[in-house]
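S.K.: Submitted below is the structure of interest, expressed as structure tokens.
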Amino acid sequence: MRRLFPILLFLFPALAQVVVEPGWVRLVPPVVPDTAAYLTLVNRGQTPLRLVGAETPVASRVSLHRDHQEHKGGHAVLGMRPLPYVEVPPGGKVAFRPGGYHLMLEGLKRPLKAGEKVELTLLFQGGLKVKVVLPVERR
């Protein structure tokens, strides 16, 4: 297998380019249909990585979002906006965390349980797919 790994990296250089640091999925009450997933993407390559979506068997849809704050009438209004993609610069990282970028798991197919593991497939421009498994946590 050790001999095969360098060949795979030669044939699929993007495999060596992306590293996913541990993350988590937010535990929500059973009546809440959506939740968020958080992780950190590290780009070890010399070209940008563009995350364009994700899939999971536990939700109907996964979309990319970023929290934002606007000031209207002297009040701060918190919200989130969908994004078409998130770009990770060469040699850089992007953290998906509360108050910033996150993956919205929309239309949960069933309530999630604390400690459960959720599989996500991250979809990158160019066809790269990276599977990650994140624990469901109450934070």
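S.K.: Rounded, prolate or oblate: which fits segment 26-137, taking a ≥ b ≥ c as square roots of the Cα gyration tensor eigenvalues, rounded meaning a/c under 1.5, else prolate when a/b beats b/c?
M.R.: Oblate.
S.K.: Could you tell me whether segment 19-70 comes out rounded, prolate or oblate from its Cα gyration tensor? Rule is a ≥ b ≥ c as square roots of the eigenvalues, rounded for a/c under 1.5, then prolate if a/b exceeds b/c, otherwise oblate.
M.R.: It is prolate, given that a/c is not under 1.5 and a/b is the larger ratio.
S.K.: Taking a 27 Å limit on the Cα-Cα distance, which of the listed pairs LYS109/LYS131; LYS109/LYS129; LYS72/LYS109 fall beyond it?
M.R.: Pairs exceeding the cut-off: LYS72/LYS109.
S.K.: Modelling each spin label as a point 7 Å along the Cα-to-Cβ direction, I'd like the VAL77/ARG110 distance in nm, to one decimal.
M.R.: The answer from the label model is 3.9 nm.
S.K.: Which whole-number percentage describes the relative contact order of the chain, with Cα contacts under 8 Å and a sequence gap of 6 or more?
M.R.: Reported relative contact order: 31 percent.
S.K.: Which of ALA59, ALA76, ALA36 ends up with the largest GNM mean-square fluctuation for the chain, with Cα atoms connected below 10 Å?
M.R.: Judging by the Gaussian network model, the answer is ALA76.
S.K.: If a/c stays under 1.5 just call it rounded; otherwise compare a/b with b/c (prolate if a/b is bigger, oblate if not). Do that for segment 69-112, with a ≥ b ≥ c from the square roots of the Cα gyration tensor eigenvalues.
M.R.: Note, shape of segment 69-112 comes out oblate.
Readers should treat all values here as calculations from the given coordinates under stated rules, not as data from a laboratory. Just so it is clear, the model here is predicted, and its values are computed rather than measured. Neighbour counts are summed over all protein chains in view; Cβ atoms, including those assigned to glycine, are modelled from backbone coordinates with ideal geometry.
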